[in-house]
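Structure, as structure tokens:
Please treat every number below as a calculation from the coordinates, not as lab data. These numbers come from a predicted model, not from an experiment.
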Amino acid sequence: MDVILPCLDEAAALPWVLERMPAWAHPIVVDNGSTDGSARIADELGAQVVHEPRRGFGAAAHAGLLAATADLVAFCDCDASMDPGQLARVADPVRSGTADLVLGRRRPTAGSWPLHARLANRVLAFQMTRQTGVRLHDLGPMRVARRADLLALDLRDRRFGYPLEMVLSAAKADWRIAECDIDYTPRIGKSKVTGTVRGTVRTVRDMRAVMAQ
């Protein structure tokens with residue numbers, strides 16, 4: 001299984017993440033313009049490094065999908081908020097053929113998920129459930145599906161709406177979508193997205209634009 005890790009200035013967290021990568025998982029770190037040596041660190045730690053110059057979470061995530069070669073692919077944040085050691089519980093339903101897309105439902109520990117980000121995620125998950133009929137509690141960034149199926153969805157968003165577009169498109173294609181619990185701990189380093197109110201607002205704006213399409 002290939003594990004796609006979109007990365008922007010995560011030098012402090014990368015060693016923690018890559019050291020916990022299961023032996024059966026192949027990490028692909030997609031550097032999205034880091035200036036802190038993230039790409040070099042990832043390479044030194046044995047990860048495949050892909051450079052995506054166009055800024056945007058979706059741009060980095062999709063570049064990783066295009067670079068992947070394994071049948072099964074996972075997406076995971078590389079800020080150390082999620083343990084790659086828990087990838088098996090997300091991957092197993094897809095491996096066994098009981099689900100087509102599995103999202104890791106984040107179970108936060110103290111200090112790991114700011115209230116504004118948690119509320120925004122809850123609202124978006126509710127709106128997505130109402131729109132698609134798929135009952136989900138979290139638009140979890142740790143997720144697993146088959147590479148060929150994901151490519152067939154022809155995802156277009158290249159900003160923060162990419163994860164939501166994936167779920168919406170999968171639901172429209174009648175995929176079996178499931179959740180499983182994963183631990184969610186305080187990240188290493190400074191958050192550039194949901195750790196700030198500004199980042200959360202930007203993410204919600206991008207996701208609502210996807211919903212409106």
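Entry note: region 2-211 has Rg to Rh equal to 0.92, where both radii use alpha-carbon atoms and Rh is the Kirkwood radius. In the elastic network of the chain, a GNM with C-alpha springs shorter than 10 Å, the most mobile of Val29, Val134, Val123 is Val123.
Result for the chain in a Gaussian network model with C-alpha springs under 10 Å: among Trp16, Trp175, Trp24, the largest mean-square fluctuation is at Trp24.
Mean silhouette area of region 86-140, derived from the convex hull of its C-alpha atoms and averaged over all directions, reads 4.3 nm².
When shorter helices are ignored and each DSSP H run of at least 4 residues is given -39500 (n - 2.57), the per-residue value for the chain at 222 nm works out to -12000 deg cm²/dmol. Counting every pair of alpha carbons in region 32-116, the share spaced more than 16 Å apart comes to 66 percent. Springs join every pair of Cα atoms under 10 Å in this Gaussian network model of the chain, and among Gly97, Gly161, Gly140 the largest mean-square fluctuation is at Gly97.
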